[in-house]
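Asker: Below are the structure tokens for one structure; questions will follow.
The values are calculated or read from the model by the stated rules, or taken from the named source; none is laboratory data. All figures in this text were calculated on a predicted structure; none of them were measured in a lab. Methodologically, a virtual Cβ is constructed for each residue, glycine included, from the backbone with ideal geometry; neighbour enumeration extends over all protein chains shown. For accessibility, only protein heavy atoms count, side chains too; no ligands or nucleic acids. Shrake-Rupley method; radii C 1.70, N 1.55, O 1.52, S 1.80 Å.
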Amino acid sequence: MAQSIEGRKVAILATHGFEQAELTEPQKALKRAGATVHVVSPEKGSIRGYQHLEKGDEVAVDKVLAEAKADDYDALVIPGGLFNPDELRTNEAALKFVRDFFTAGKPVGAICHGPQVLISADLVKGRTLTAVAPIRKDLSNAGATVLDQEVVTDKGLVTSRTPKDLPAFCAKLIEEIAEGRHRGQAQAAAE
């Protein structure tokens with residue numbers, strides 16, 4: 001039987017250029033498990049996804065980043081894509097939003113290029129993660145231990161490599177959200 005996270009609220013932080021499946025598949029899985037899911041973005045209205053380098057669908061933004069607070073959510077998901085993390089990692093409001101989840105010990109999931117946002121938020125030193133091959137060296141240089149596995153969990157931080165890992169990523173993300181806050185996540189953010 002699938003795990004329930006009924007009553008939990010999850011933010012998916014994204015902007016234009018997210019990898020389509022890395023936003024929509026976790027969104028569907030989280031909703032099926034009972035969570036309320038909001039797409040949070042610096043943009044108003046909608047944001048466009050990509051399927052690798054091809055334009056994908058637009059997804060409605062539920063909450064503008066300037067009005068969102070980590071306190072309003074139980075967990076965070078950061079999809080990858082080539083463009084999405086690059087934009088978010090230079091947005092101080094996005095970095096603060098992400099840091100606030102870590103400080104509070106809340107589960108965070110990042111897939112593909114999504115961990116680039118965690119690097120820029122100074123949240124990977126001493127952590128164990130996975131990611132798409134092109135950014136593994138960046139993670140290592142930022143002080144992370146990097147594994148090549150479909151999903152890696154470290155004190156409430158869930159990471160995966162590519163869309164083919166989405167089933168494992170979504171299942172582990174739901175499990176971590178069901179567990180609730182992770183003391184180790186908050187400790188790692190303070191270091």
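Asker: Lys125 versus (1) on the phi < 0 side of the Ramachandran plot; (2) in contact with an Asp or Glu (Cβ under 8 Å, 6 or more places away or on another chain); (3) at pLDDT below 95: which is the lone unmet condition?
Answerer: Single failed check for Lys125: (3).
Asker: Within region 135-152, work out how many residues are in contact with a strand residue (DSSP E or B) (Cβ under 8 Å, 6 or more places away or on another chain) and in contact (Cβ under 8 Å) with a residue 12 or more places away in the chain.
Answerer: Number satisfying all stated conditions: 9.
Asker: Look through region 78-114, keep the residues that are assigned to a loop (DSSP other than H, G, I, E, B), hydrophobic (A, V, I, L, M, F, W, C) and within 22 Å of Arg161 (Cβ to Cβ), and return whichever of them is modelled with the highest pLDDT.
Answerer: Initially, region 78-114 is screened for residues assigned to a loop (DSSP other than H, G, I, E, B), giving 79-83, 89-91, 104-107, 112-114.
Still in the list and also hydrophobic (A, V, I, L, M, F, W, C): 82-83, 104, 112.
Of the ones still in play, those that are also within 22 Å of Arg161 (Cβ to Cβ) are 82-83, 112.
On the way: Leu82: 88, Phe83: 94, Cys112: 97.
The selected residue is Cys112.
Asker: With Glu87, Glu58, Glu19 as the choices, which residue is of a type outside the set (Val, Ile, Thr), touching a Gly at 6+ places or on another chain (Cβ under 8 Å) and buried (at least 21 other Cβ atoms within 10 Å of the Cβ)?
Answerer: On the way: Glu87 fails: buried (at least 21 other Cβ atoms within 10 Å of the Cβ); Glu58 fails: buried (at least 21 other Cβ atoms within 10 Å of the Cβ).
Exactly one of Glu87, Glu58, Glu19 is of a type outside the set (Val, Ile, Thr), touching a Gly at 6+ places or on another chain (Cβ under 8 Å) and buried (at least 21 other Cβ atoms within 10 Å of the Cβ), namely Glu19.
Asker: For region 27-63, which positions are outside any strand (DSSP E or B) and not hydrophobic (A, V, I, L, M, F, W, C)? It would help to see each step written out before you state the result.
Answerer: Residues of region 27-63 that are outside any strand (DSSP E or B), as a first pass: 27-35, 42-45, 52-53, 61-62.
Passing the criteria: Gln27, Lys28, Lys31, Arg32, Gly34, Pro42, Glu43, Lys44, Gly45, His52, Asp62.
Asker: Quick one: in region 133-172, of everything that is part of a loop (DSSP other than H, G, I, E, B) and of a type in the set (A, V, I, L, M, F, W, C), which residue is most open to solvent (accessible area, probe 1.4 Å)?
Answerer: Step one: filter region 133-172 for residues part of a loop (DSSP other than H, G, I, E, B), giving 142-144, 147-150, 155-156, 161-162.
Right, trim to of a type in the set (A, V, I, L, M, F, W, C) and you get 142, 144, 147.
Numbers: Ala142: 33, Ala144: 10, Leu147: 58 Å².
Among residues in region 133-172 that are part of a loop (DSSP other than H, G, I, E, B) and of a type in the set (A, V, I, L, M, F, W, C), the one most open to solvent (accessible area, probe 1.4 Å) is Leu147.
Asker: Which condition number does Val39 fail, the rest of (1) under 26 Å from Gln149 (Cβ atoms); (2) open to solvent by less than 10 Å² (accessible area, probe 1.4 Å) being met?
Answerer: Single failed check for Val39: (1).
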